[in-house]
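Below is one structure, written out as structure tokens, with a few remarks after it.
The values are calculated or read from the model by the stated rules, or taken from the named source; none is laboratory data. From a predicted model like this one, the values you see are computed outputs, not experimental measurements. So basically every Cβ, Gly included, is an ideal-geometry build from the backbone, and we count neighbours across all protein chains shown. Surface areas here come from the heavy atoms of the whole protein model, side chains and all, with no ligands, DNA or RNA. Shrake-Rupley method; radii C 1.70, N 1.55, O 1.52, S 1.80 Å.
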Amino acid sequence: MQENKNSGKDLIREVSTEDIPGMLEVFNYYVENSFASYLENSVGPEFFQLIQSEKDQDRDDHFPFYVIEEDSKIIGIGALRPYFPFPNFRHTGVVSYFILPAYTRKGLGSMMLEKLCMEAREKKMQSLLANVSSKNEASLNFHLKKGFIECGRFKKVGSKFGKYFDIVWMQKFLEQD
């Protein structure tokens, strides 16, 4: 069990198919209410369908997908994925995470990022990437505070809620122990 300085009851663990309804609640909140997800329409269970088949893969090929659970409620999700599915890009991963707004600013994002960084180091990754909407200032600030730097920006490539936004690519180099 991972401890949060506020509650002591938070748990970060790998997802299971039983978590999909809670995961959808978290992700669809951001689809419907923010620029954190680029999608414009809510998704259904098929969106997270690959979870079980990926867990059955070889550990070297498996990329983790986690939930944050508090009092049996899914309050956040996070994943580490390969940047490209080619062997010569195996040293770079992409992270993403979403936490319900009532639970943000309590250290849970930091806990999830550290868990994903630990997994990336175990996979001998050298750097992590995150892509963030320019309209998501909280996420941009979070990543900057956590050692990410802006490494690229695609201007006005997306639109949502009738507004254009940039995709900001951020990168963090991992120290190898």
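Brief remarks follow.
- For the range 76-147, the share of accessible area belonging to carbon and sulfur comes to 56 percent (1.4 Å probe, ligands and nucleic acids excluded).
- Surrounding net charge for Lys135, when Lys and Arg each add one and Asp and Glu each subtract one, Cβ distance under 14 Å: +2
- Residues in the range 82-94 carry Karplus couplings, in order, of x, 5, 10, x, 10, x, 6, 10, 5, 8, 10, x, 10 Hz; the curve used is 6.51 cos²θ - 1.76 cosθ + 1.60 with θ = phi - 60°, and Gly or Pro positions show x.
- Considering only Pro64, Val26, Asn88, and ranking their Cα positions along the charge dipole of the chain that arises from unit charges at the beta-carbon of Lys, Arg, Asp and Glu, the one farthest toward the positive end is Asn88.
- For the chain, a Gaussian network of Cα nodes joined below 10 Å ranks Pro82, Pro101, Pro64 by mean-square fluctuation, and the top entry is Pro101.
- Note that the range 8-173 presents 53 Å² accessible area per residue, ligands and nucleic acids not counted, probe 1.4 Å.
- In terms of Cα atoms, the Rg and Dmax of the chain work out to 15.9, 46 Å.
- In terms of distances greater than 26 angstrom between alpha carbons, the cross-link table entries Lys115/Lys160; Lys115/Lys172; Lys73/Lys156; Lys123/Lys172; Lys123/Lys145; Lys123/Lys160 yield Lys115/Lys160; Lys73/Lys156; Lys123/Lys160.
- Summed side-chain charge close to Tyr164 - residues other than Tyr164 whose Cβ falls under 15 Å, Lys, Arg +1, Asp, Glu -1: +4
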